[in-house]
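**Student:** Mind having a look at this structure? Questions to follow.
The values are calculated or read from the model by the stated rules, or taken from the named source; none is laboratory data. Since the model is a prediction, treat every value here as computed from it, not as a measurement. Here the Cβ is made from the backbone with ideal geometry for all residues, glycine too, and neighbour counts use every protein chain on show. Remember, those area values only see protein heavy atoms, side chains included, never the ligands or the DNA or RNA. Shrake-Rupley method; radii C 1.70, N 1.55, O 1.52, S 1.80 Å.
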Protein chains: 2
Amino acid sequence: MSGLVEMGKRAQVAGLTLAQAKTQKKNEALLALAERLVANTAIILAANEKDLASAADNGVRDAMLDRLRLTAERVVDMAEGVKQVATLADPIGEVTHMWKNQADLTIGKQRVPLGVIGIIYESRPNVTVDAAVLCFKTGNATILRGGSEAFHSNIALVKIIRESLAASDFPADAVQILEDTSRETAQGLMKLNAYLDVLIPRGSARLIQAVLENATVPVIETGTGNCHVYIDKEAQQDMATKIIVNAKASRPSVCNAAETLLIHEDVARAFLPSIVAKLREENVEIRGDEQVAAIIPDIIAATESDWETEFADYILAIKIVPNDDAAIAHINKYGTKHSEAIVTDNYFTSQKFLQQVDAAAVYINASTRFTDGFEFGFGAEIGISTQKLHARGPMGLNELTSTKYIIYGEGQIRE
Amino acid sequence: MSGLVEMGKRAQVAGLTLAQAKTQKKNEALLALAERLVANTAIILAANEKDLASAADNGVRDAMLDRLRLTAERVVDMAEGVKQVATLADPIGEVTHMWKNQADLTIGKQRVPLGVIGIIYESRPNVTVDAAVLCFKTGNATILRGGSEAFHSNIALVKIIRESLAASDFPADAVQILEDTSRETAQGLMKLNAYLDVLIPRGSARLIQAVLENATVPVIETGTGNCHVYIDKEAQQDMATKIIVNAKASRPSVCNAAETLLIHEDVARAFLPSIVAKLREENVEIRGDEQVAAIIPDIIAATESDWETEFADYILAIKIVPNDDAAIAHINKYGTKHSEAIVTDNYFTSQKFLQQVDAAAVYINASTRFTDGFEFGFGAEIGISTQKLHARGPMGLNELTSTKYIIYGEGQIRE
């Protein structure tokens, strides 16, 4: 625990330097890091081999091994990602608005770094580089806590990052990693309020839940998406079909994929047979209520729990609804407030859905799959927030900043 | 605890209605509430009498009794406060920016309510009305948990608020209060993540610490201010004197009052005698380091703990520093990142201070006492955030909102 406090102090000191760093100098450091990563490919892959070997010994599944595996190509991709962050606009220093108050003080709201950001994550070692450089670009110091399965890879990557930062005249302590991957130390990090400004967990629902339950440091919750597509009675069949197939089957494992299709009873009989046929071509299993079964007999009966579940798989629940109110009520009851879409030609129905559905991203006539920092044009993504505080939806560089009021006076005192 | 879940559910349902309410209708409900409060003065004062009587029985100090006491005049003030909130611009629905992405989707970022806000507070019953109406204006449902010392007053006020809301065709459950003021129920509220979007503690440092330690719901930390005024070598003596006297002595009990004066060694001998004389006229006790004692002999020697302390009293610590770097380092080490001021005529020194001091509000040539939602021109204040997440510094109506991305498509799917 005293080790954590020391790390926290060093991060805070490094953060004060980072907060004052010029954009040009930060970008040069990022480009130098990209080069150094590629130049150290052999060292990175050797460390990764150790992780892969012990994972194989522990009988880790192939899919997990693939997430863990680094290759020369993946190191190049990592470096390209770092270069790309160097090209993004630096939000730090921006004064988002400025006004005079009644005492004639000029008050500006300026973007500043959050300070020290903790990241707790699992598996993929590229998160180490990704998180560190996004935080660095926004002038934040980072304390990383990766999963034990990627231990050697993460340590090797952080060593290269720290050497590179030092070579670019930045404090190496801008990026630190916990070398002790015990649960106790992770819990200590979650309570390091004196030094950490925010904690961002990235990984499984179980990891995020553990952080939410134990952290006293402010947390940004990321993750679960039980998303819906609602096909209105005034929807175009072709558009509706393309959107639900894309939302469900283009990448079912991600949080912006759809889990339930809601369809208006007036068009269910006409639309569902071809929609289900298309989904089955993509190997999607259909679960539906009795009304759906009356149209598509060979489906699995949906249970209450199906409406609540983020399948993250080739499974879609379908429910027929009598009107848009029922669709909106279903979404607000079962959804996780992530991404929700309506397909309709009707102006008033679209506006009602947009305003009444409570979610981070609400779509008219588009796939839920667009909820993503890169797709939104942010140029980066540190995660997708599913809470309402600080940031909601895809988080880019702006979401890694706080603000500070800067006040210009001429000797004013308060009456 | 099951009672809490029921309250949470009702608040969430009420929140969905509030989120859709028209501004005009919300304002009419606020004006009706202001009238109803005044009309029910006798009931409010009778309830308050019970609280005052049991506080007196419990030997509560006079200053506390005064905070607890309501009078006909204070009820009128409360009602005026409610009317004033009706006049403020409604932030809900504002689209802060809107753009096209590369898939030609039109993406807007719209202000929406946070949802359900929990407020845990102490003593003053006017917080009950204040918090409830600010949350209501921004379309948020509220679950209040007041202190046991104001129990009868709070219950009476919430009953009037609920009746008034219902009479204005709003769900009464937009405002609820815990009738059980036990610690267990408060702790249950702190963990009501399924229904609460944020928890705002208002009160003593001990209360805020307890909430920070126990809450799993996102918290906005408010409170402590260990604020500094730094008098540079190029400061004007008159301006410097006025600012430190105002910052320290105009209202020492509040969080934006100054606790430590830092003064450049080049002007200490010239400025300190008259500054200290003025402060002593205001009954301020001076604590200083050895260098200060060499100029003003009859002071108390400052200890390390004096630099860390928010006195919230007529006490000022004074330290002589060799340069601006030492002043900035002292502030970044001991300050609570609340409000910090420099007095200087030098452009470069002022800019350096503004950028390098890490605080919610940094002043050039003005008193720290201006850190306040009303002084900043927000028209309201729910508290002053001392954390960096979501909101930093004075929080007005905008800080009681979240955002939602609204996306207009034409059938786009993600490649």
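**Student:** Given the conditions (1) loosely packed, with under 14 Cβ neighbours inside 10 Å; (2) closer than 18 Å to B:MET239 by Cα, which single one is not true for B:ASN283?
**Tutor:** Every condition holds for B:ASN283 apart from (2).
**Student:** Also, I was wondering about something else. Look through B:ASP232, B:ASP197, B:ASP173, B:ASP180 and report the one residue that is over 19 Å from the mean Cα position of the chain (by Cα) and farther than 29 Å from B:LEU68 by Cβ. Write out each step before concluding.
**Tutor:** Values: B:ASP197 fails: over 19 Å from the mean Cα position of the chain (by Cα); B:ASP173 fails: farther than 29 Å from B:LEU68 by Cβ; B:ASP180 fails: farther than 29 Å from B:LEU68 by Cβ.
That would be B:ASP232, the only listed residue that is over 19 Å from the mean Cα position of the chain (by Cα) and farther than 29 Å from B:LEU68 by Cβ.
**Student:** Just the residues that are at the interface with another protein chain (Cβ under 8 Å from one of its Cβ atoms), crowded, with 23+ Cβ neighbours inside 10 Å and either out of contact with any Lys or Arg (no Cβ under 7 Å at 6 or more places or on another chain) or in a loop (DSSP other than H, G, I, E, B) (or both), please, taken from the range B:366-375.
**Tutor:** Correct list: B:ALA366, B:SER367, B:THR371.
**Student:** So, one more: Which residues, counting only those in the range A:194-224, are of a type in the set (Ser, Thr, Tyr) and under 21 Å from A:ASP372 (Cα atoms)? Give the steps one after another, and end with the answer.
**Tutor:** Keep residues of the range A:194-224 that are of a type in the set (Ser, Thr, Tyr), which gives A:195, A:204, A:216, A:222, A:224.
Passing the criteria: A:SER204, A:THR222, A:THR224.
**Student:** For the subset of the range A:12-31 comprising residues that are away from every other protein chain (no Cβ under 14 Å) and in contact (Cβ under 8 Å) with a residue 40 or more places away in the chain, which member is farthest from A:VAL85 (Cα to Cα)?
**Tutor:** Step one: of the range A:12-31, the residues away from every other protein chain (no Cβ under 14 Å) are A:24-31.
Adding the requirement that they be in contact (Cβ under 8 Å) with a residue 40 or more places away in the chain leaves A:25-31.
Values: A:LYS25: 13, A:LYS26: 10, A:ASN27: 8, A:GLU28: 11, A:ALA29: 11, A:LEU30: 8, A:LEU31: 9 Å.
My answer is A:LYS25.
**Student:** Residues that are free of Cβ contacts under 8 Å to residues at least 40 places away in the same chain and over 15 Å from B:LEU397 (Cα atoms): which helices (runs of 4 or more DSSP H) entirely in the range B:32-149 hold 3 or more of them?
**Tutor:** Numbers: elements: B:41-57, B:62-68, B:72-87, B:126-137.
It comes to B:41-57, B:62-68, B:72-87.
**Student:** Within the range B:254-266, how many residues are within 16 Å of B:ALA341 (Cβ to Cβ) and either outside any strand (DSSP E or B) or charged (D, E, K, R) (or both)? Walk me through it before giving the result.
**Tutor:** Pass one, the range B:254-266, residues within 16 Å of B:ALA341 (Cβ to Cβ): B:254-264.
Among the residues that remain, those that are also either outside any strand (DSSP E or B) or charged (D, E, K, R) (or both) are: B:254-257, B:259.
Counting residues in the range B:254-266 that are within 16 Å of B:ALA341 (Cβ to Cβ) and either outside any strand (DSSP E or B) or charged (D, E, K, R) (or both) gives 5.
**Student:** Shifting gears a bit: When you check B:VAL95 against the structure, is it in contact with a Gly (Cβ under 6 Å, 6 or more places away or on another chain), surrounded by fewer than 19 Cβ atoms within 10 Å (Cβ to Cβ), within 14 Å of chain A (Cβ to nearest Cβ) and hydrophobic (A, V, I, L, M, F, W, C), yes or no? Give the derivation first.
**Tutor:** On the way: in contact with a Gly (Cβ under 6 Å, 6 or more places away or on another chain): yes; surrounded by fewer than 19 Cβ atoms within 10 Å (Cβ to Cβ): yes; within 14 Å of chain A (Cβ to nearest Cβ): yes; hydrophobic (A, V, I, L, M, F, W, C): yes.
Taking the combined requirement at face value, the residue satisfies it.
**Student:** Still on this structure, please answer the following. Out of the range B:311-329, which residues are in contact with a helix residue (DSSP H, G or I) (Cβ under 8 Å, 6 or more places away or on another chain) and among the acidic types (Asp, Glu)?
**Tutor:** Result: B:ASP324, single match.
**Student:** If you take the residues of the range B:214-253 that are more than 8 Å from every other protein chain (Cβ to nearest Cβ), polar (S, T, N, Q) and in a helix (DSSP H, G or I), which of them is surrounded by the most Cβ atoms within 10 Å (Cβ to Cβ)?
**Tutor:** Ranking the qualifying residues of the range B:214-253, first place goes to B:THR241.
**Student:** Return the total of residues in the range A:377-393 being facing chain B (nearest Cβ under 7 Å) and either in contact with a helix residue (DSSP H, G or I) (Cβ under 6 Å, 6 or more places away or on another chain) or under 21 Å from B:GLN102 (Cβ atoms) (or both). Even if it seems obvious, please write down each step before you answer.
**Tutor:** Filtering the range A:377-393 down to residues facing chain B (nearest Cβ under 7 Å) leaves A:377, A:387-390, A:392-393.
Still in the list and also either in contact with a helix residue (DSSP H, G or I) (Cβ under 6 Å, 6 or more places away or on another chain) or under 21 Å from B:GLN102 (Cβ atoms) (or both): A:377, A:393.
Number satisfying all stated conditions: 2.
**Student:** Can you spot a residue in the range B:404-413 that is more than 7 Å from chain A (Cβ to nearest Cβ), out of contact with any His (no Cβ under 7 Å at 6 or more places or on another chain) and part of a loop (DSSP other than H, G, I, E, B)?
**Tutor:** Narrowing the range B:404-413 to residues more than 7 Å from chain A (Cβ to nearest Cβ): none.
No, that holds for no residue.
**Student:** So A:VAL211 ticks every box in (1) surrounded by fewer than 22 Cβ atoms within 10 Å (Cβ to Cβ); (2) within 14 Å of chain B (Cβ to nearest Cβ); (3) under 11 Å from A:ARG145 (Cβ atoms); (4) not charged (D, E, K, R) but one. Which box is left unticked?
**Tutor:** (1)
**Student:** Further, regarding this structure: Are any residues in the range B:1-60 surrounded by 15 or more Cβ atoms within 10 Å (Cβ to Cβ) and of a type in the set (Lys, Arg), and if so, which ones?
**Tutor:** Result: B:ARG10, B:LYS26, B:ARG36.
**Student:** Looking at A:GLN355 and the list (1) within 14 Å of another protein chain (Cβ to nearest Cβ); (2) in contact (Cβ under 8 Å) with a residue 24 or more places away in the chain; (3) touching a helix residue (DSSP H, G or I) at 6+ places or on another chain (Cβ under 8 Å), which single condition is not satisfied?
**Tutor:** Unmet condition: (2).
**Student:** In this structure, does A:SER168 turn out to be touching a residue at least 60 places away in the same chain (Cβ under 8 Å), small (Gly, Ala, Ser), open to solvent by 10 Å² or more (accessible area, probe 1.4 Å) and out of contact with any Lys or Arg (no Cβ under 8 Å at 6 or more places or on another chain)? Even if it seems obvious, please write down each step before you answer.
**Tutor:** Details: touching a residue at least 60 places away in the same chain (Cβ under 8 Å): yes; small (Gly, Ala, Ser): yes; open to solvent by 10 Å² or more (accessible area, probe 1.4 Å): yes; out of contact with any Lys or Arg (no Cβ under 8 Å at 6 or more places or on another chain): no.
For A:SER168, the condition - touching a residue at least 60 places away in the same chain (Cβ under 8 Å), small (Gly, Ala, Ser), open to solvent by 10 Å² or more (accessible area, probe 1.4 Å) and out of contact with any Lys or Arg (no Cβ under 8 Å at 6 or more places or on another chain) - is not met.
**Student:** If A:PRO297 satisfies all but one of (1) outside any loop (DSSP other than H, G, I, E, B); (2) more than 11 Å from A:CYS227 (Cα to Cα), what's the number of the condition it fails?
**Tutor:** Among (1) outside any loop (DSSP other than H, G, I, E, B); (2) more than 11 Å from A:CYS227 (Cα to Cα), the lone unmet condition for A:PRO297 is (1).
**Student:** Take the residues in the range A:301-321 that are part of a strand (DSSP E or B) and surrounded by fewer than 21 Cβ atoms within 10 Å (Cβ to Cβ), then tell me which one is nearest to the chain's Cα centre (by Cα).
**Tutor:** Going residue by residue through the range A:301-321, those that are part of a strand (DSSP E or B) are A:301, A:315-321.
With the extra rule that they be surrounded by fewer than 21 Cβ atoms within 10 Å (Cβ to Cβ), the set shrinks to A:301, A:315.
Details: A:ALA301: 33, A:ILE315: 23 Å.
Here the residue is A:ILE315.
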